[in-house]
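First the structure, in the form of structure tokens, and then the observations on it.
The values are calculated or read from the model by the stated rules, or taken from the named source; none is laboratory data. As the structure is a prediction and not an experimental result, all values here were calculated from the model. Don't worry about glycine lacking a Cβ; one is built from the backbone with ideal geometry, like all the others, and counts go over all protein chains shown. Remember, those area values only see protein heavy atoms, side chains included, never the ligands or the DNA or RNA. Shrake-Rupley method; radii C 1.70, N 1.55, O 1.52, S 1.80 Å.
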Amino acid sequence: MRKKKIIFSSSGGTPAMKFLQEITEYFGEEEIDRIAARIAAACMKSSIIITATANSGTLELSGNTAKCIIMNAGNTLELESDNITVNGTVLCINNL
């Protein structure tokens, strides 16, 4: 399957460039990858989901976008998904 891209023009003054500037001013440039993943999911009319599978005593997490599971430099796992909730101190990955 071929990946689709969202391309913004850099010609200045165009609606797409203004949209990109507004997004980066509000969210910051470090979040642009996640924002692009959310836009792509919205264009596909799909939720961003993470699935958990137990495999020989190991829990495997997989997501349907490139940025919904991130291991950052501080060895912290970051999860962003529409099917995750927190109940007290319990992380719940719900079926959609």
May I ask you to list the residues in the stretch 10-65 that are within 11 Å of the chain's Cα centre (by Cα) and farther than 17 Å from Asn83 by Cβ?
Glu31, Ile32, Asp33, Ile35, Ala36, Ile39, Ala40
Can you find a residue in the stretch 59-78 that is hydroxyl-bearing (Ser, Thr, Tyr) and farther than 30 Å from Met17 by Cα?
yes
Give all pairs with beta carbons closer than 7 Å in which a residue from the stretch 46-74 that is more than 17 Å from Asn95 (Cα to Cα) and modelled with pLDDT of 85 or more meets a residue that is in a strand (DSSP E or B) and open to solvent by 80 Å² or more (accessible area, probe 1.4 Å); count only pairs at least 6 apart in sequence or on separate chains.
Met71/Leu77
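For residues in the stretch 23-35 being under 23 Å from Ala66 (Cβ atoms) and open to solvent by 100 Å² or more (accessible area, probe 1.4 Å), which is modelled with the highest pLDDT? Don't jump to the end; show me each part of the working.
Of all residues in the stretch 23-35, those under 23 Å from Ala66 (Cβ atoms) come to 23-24, 26-35.
Of the ones still in play, those that are also open to solvent by 100 Å² or more (accessible area, probe 1.4 Å) are 26-27, 29-30.
Numbers: Tyr26: 78, Phe27: 74, Glu29: 75, Glu30: 74.
The qualifying residue modelled with the highest pLDDT is Tyr26.
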Restricting to the stretch 61-90, name every residue that is exposed (fewer than 10 other Cβ atoms within 10 Å of the Cβ) and outside any loop (DSSP other than H, G, I, E, B).
Met71, Leu77, Val86, Asn87, Val90
